Amino acid sequence: MKKDLISISDLSKEDIMRLLESAEAFLARRGRHGQPLQGKSLAMIFEKPSTRTRVSLEVAAAELGAHPLYLSANELQLGRGETIADTARVLSRYVHGITARVYSHHTVLQLAQHASVPVINALSDWEHPLQILADLQTMRQRFAKLEGLRLAWVGDGNNVCNSLILASAILGMEITVASPAGYQPKARILEQAKSLGGWPKVVAEPDDAARGADVLITDTWVSMGDEGEEAERLRVFGKYQLNSEIMGLAAEDAIALHCLPAHRGQEITDEVMDGPQSAVFDEAENRMHTSKAVMAWLMGERSQS
């Protein structure tokens, strides 16, 4: 039976740890890890543009021996009215896996429902599981553990935040989200996290989240699709910034993460982004290693490490 990765909650704690071990092995053996996906193909559907997602997936697939196919929405019949179900069924006859970076979570759910090959959510408006796996790998590299870490999310309670909340619950990490009213995580995500054994906290003040945290995470205030709200968002999120003052409230060995692209001077300052506590570029690199782990697991032999 095929397996998909649509939500980070599709993975158990054991699944996540296995994928992170695999990612570390791919990192350590880069160029010498063989090609477990030799002869296979990966369809990559992109409704939204990307730097890290596209490059990390293409390179990861190629280094595993697979052939990556970049498919923009305008180049597919999806853009001319073909149903998602029909697209999924047809692609399944050609390729061995599908990744989708889309506006609506409904799209990736429909792809998974109708495809007979594994479907990987490469970003939707609800979750971003591939990003969170890279974040977790980065945390583990810095702290040699995940369980018990204290996380502080500062900014918009968006798709990345949703996946991080769920991952925290699965792995036994504490998370406090600091967001302004109207931009906090949805109740549905918080309830799901509680059902997974977590107890996420939501506060209004960034300082309350940052105090004593091991990891401070942020994201852009204006995501793709929110451009019409830019002026209001810039006004509302003014104090939700990773800067030297807020980093000073965190644990002494705390790190700063950002999934990128960063709007320097808005949600994160140059001082933090380029400073000694930044793990942002390790985090970006890890997108490739964790993508390899996911693809090898879903598209190759399940025993692949």
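What follows is calculated from the coordinates using simple rules that are stated; it is not laboratory data. Just so it is clear, the model here is predicted, and its values are computed rather than measured. So basically every Cβ, Gly included, is an ideal-geometry build from the backbone, and we count neighbours across all protein chains shown.
Find the all-direction average of the projected area of the Cα convex hull for region 234-305, expressing the result in square nanometres with one decimal place.
Computing the convex hull of the Cα atoms and averaging its projections yields 6.7 nm².
Would you mind giving the three semi-axes, in whole Å and largest first, of the ellipsoid equivalent to the chain according to its Cα gyration tensor?
31, 22, 17
Relative contact order, percent, of the chain when contacts are C-alpha pairs under 8 Å separated by at least 6 residues?
21 percent
Assign unit charges at the C-beta atoms only (+1 for Lys and Arg, -1 for Asp and Glu), then state the dipole size of region 137-232 relative to its Cα centre in Debye, rounded to the nearest 20.
700 debye
Could you give the alpha-carbon Rg of region 131-284 over 2.2 N^0.38 Å, rounded to two decimals?
Dividing the Cα radius of gyration by 2.2 N^0.38 Å gives 0.94.
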